[in-house]
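Below is one structure, written out as structure tokens; the observations come after it.
The values are calculated or read from the model by the stated rules, or taken from the named source; none is laboratory data. Note that the coordinates shown come from a computational prediction; the quantities given were computed from them, not determined experimentally. Positions of Cβ are backbone-derived with ideal geometry, glycine not excepted, and every protein chain shown enters the neighbour counts. Accessible surface areas use protein heavy atoms only, side chains included; no ligands, DNA or RNA. Shrake-Rupley method; radii C 1.70, N 1.55, O 1.52, S 1.80 Å.
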Amino acid sequence: MKLIILGAPGAGKGTQAQLIADKYGIPHIATGDILRDAIQSGKMLGATARSFMERGKLVPDEIVIELTLRRLSQDDCKNGFILDGFPRTLRQAKEFTERHEIDMVIDIHVDESVLISRVTGRRSCPHCREVYHVKINPPRKEGICDRCGFDLILRDDDTEAILTNRLRVFHEETEPLIEYYSERNLIQEIDGDRDIQAIQASIDDTISHLVKK
Ligand code: AMP
């Protein structure tokens, strides 16, 4: 099963992608996490990526395409994957289409007013990358990751000021992908303004026929 999950920052892509990955045993490939790992490990490329990410801008296509294709060439992706946060531009989508076929693009739609509280309430684990929300999906112990016990953080780019930029970039660069994938009959729209389990159930209904792929 080869899937892409699309949506604005805060739409719930990461949460739903992880649930799908766990349920169907496919890797969850989040380009934001790949880039944050590159920053943490002090790679040259990480320093370049950071300068874009901290301003809420997209990291240049060449860097992201190269990193993503490299990750997808690993053995664990042979039987499927779910891509979260990629593609984000038409160029990324076109270059990806030249190399990989996909089964479906899940587009999670959430109104902009909801996105702001979703993102500013988000808390992330810098170690295992698990994501929480202070109200909707809190950790068992405040400020501590359930999975690995690390202190949770508010990501630098999850502040309201940077989010405004990220939303603008989403409308300008990423929204055109909905048309690109609609023309290829790959889009499935999901209402993301519901609780996590309800969204998960809808996605499950939509993808269950792909299980043997
Ligand atoms: P995310 O964790 O998906 O919200 O991504 C965080 C940031 O990483 C984005 O705001 C971008 O700066 C960068 N990023 C992640 N994926 C991509 C991508 N496919 N193309 C360009 N930049 C990306």
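Can you tell me the length gained on complete extension of the stretch Gln197 to His127, counting 0.36 nm per residue apart and subtracting the Cα distance? Numbers along the way, then the final one.
Numbers: separation 70, 0.36 × 70 = 25.20 nm, distance 2.50 nm.
Roughly 22.7 nm would be gained on extension.
Which value, in debye to the nearest 20, describes the size of the charge dipole of the chain about its Cα centre when Lys and Arg Cβ atoms bear +1, Asp and Glu Cβ atoms bear -1, and nothing else is charged?
600 debye
Mind pulling the per residue volume of the convex hull built on the Cα atoms of the range 2-211? Å³ is fine.
Normalising the Cα hull of the range 2-211 by residue number yields 118 Å³.
Rounded to the nearest 500, what is the chain's calculated 222 nm mean residue ellipticity when only DSSP H runs of at least 4 contribute -39500 (n - 2.57) each, over all residues?
So the calculated ellipticity at 222 nm is -13000 deg cm²/dmol.
Provide the per residue accessible area, probe 1.4 Å, for the range 2-211, rounded to a whole number of square angstrom.
Heavy-atom SASA per residue in the range 2-211 reads 51 Å².
Would you kindly state how much longer the chain becomes between Val211 and Thr164 on full extension, computed as 0.36 nm times their sequence separation minus their alpha carbon distance, in nm to one decimal?
Working it through step by step, the gained length comes to 13.2 nm.
Multiply the residue separation of Ile116 and Asp151 by 0.36 nm, subtract the distance between their alpha-carbon atoms, and state the gained length in nm to one decimal.
10.3 nm
With a cap of 13 neighbouring Cβ atoms within 10 Å, and only residues DSSP puts in a loop, list the trypsin sites (Lys or Arg not before Pro) found in the range 104-186.
Hits after loop and neighbour filter: Lys135, Arg140, Lys141, Arg147, Arg184.
Round to a whole angstrom and tell me the spacing of the C-alpha centers of the range 93-171 and the range 1-63.
Result: 9 Å between the Cα centres.
Could you please state how large a percent of the accessible area of the range 2-211 is carbon and sulfur, counting protein chains only and using a 1.4 Å probe?
Carbon and sulfur: 49 percent of the exposed surface of the range 2-211.
The range 113-198: which GluC sites (Glu not before Pro) are DSSP loop and have at most 16 other beta-carbon atoms within 10 angstrom?
Qualifying residues, ordered by number: Glu142.
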